[in-house]
Amino acid sequence: MAKKKEQAFMLSLPALVKGKDALEKEFREKTQIFHMSSEEVTFGLNRKVLVGSKLVIWLDIPRTLLLEKPLTLSVSGIVQLIKGEKQLKKKQLISIQLDKKYQIESGLQ
């Protein structure tokens, strides 16, 4: 049976990334998500990280007519791709393969 093609979204969504950099120092950095699917997230990052590093991303979901209060979605995954990027405000374009687990919380981190 052929695998169903996954839907991906091109967007610009503010996020907070947490993890350990290439020197094993913990960091937090604000960024923008450029591409997101159920399996992968791509974003810019100034902090140098290594392929195989685990990162956690918090996305703020604003209040809407259907959503009474803002929420924060927490996803994590492993860095799969690092690409130098001159056209971004950030130094690198990072792509992570998402874990299957995620959390939705009320409020910011």
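List of remarks:
- For beta carbons closer than 6 Å, sequence separation of 6+ or different chains, a first residue in segment 73-86 that is surrounded by 13 or more Cβ atoms within 10 Å (Cβ to Cβ) and a second that is outside any loop (DSSP other than H, G, I, E, B) and charged (D, E, K, R), the qualifying pairs are SER76/ASP99; GLY77/ASP99; ILE78/LYS54.
- Residue, nearest to GLN80 (Cα to Cα), within segment 10-35, restricted to residues that are of a type in the set (A, V, I, L, M) and either touching a Cys at 6+ places or on another chain (Cβ under 9 Å) or loosely packed, with under 12 Cβ neighbours inside 10 Å (or both): ALA22
- Identity of the residue in segment 33-52, among the small types (Gly, Ala, Ser) and within 13 Å of the chain's Cα centre (by Cα), that ends up modelled with the lowest pLDDT: SER38
- Tally, over segment 24-33, of residues that are in contact (Cβ under 8 Å) with a residue 12 or more places away in the chain and not aromatic (Phe, Trp, Tyr): 6
- Subset of segment 64-84 [out of contact with any Leu (no Cβ under 7 Å at 6 or more places or on another chain) and assigned to a strand (DSSP E or B)]: LEU71, SER74, ILE78, GLN80, LEU81, ILE82, GLY84
- Some residue of segment 40-52 being of a type in the set (S, T, N, Q) and without any contact (Cβ under 8 Å) to a residue 40 or more places away in the chain: no
- Considering residues of segment 36-63 that are in a loop (DSSP other than H, G, I, E, B) and of a type in the set (S, T, N, Q) only, the residue surrounded by the fewest Cβ atoms within 10 Å (Cβ to Cβ): SER38
The values are calculated or read from the model by the stated rules, or taken from the named source; none is laboratory data. For clarity, every value in this text was computed on a predicted model and none was experimentally measured. So basically every Cβ, Gly included, is an ideal-geometry build from the backbone, and we count neighbours across all protein chains shown.
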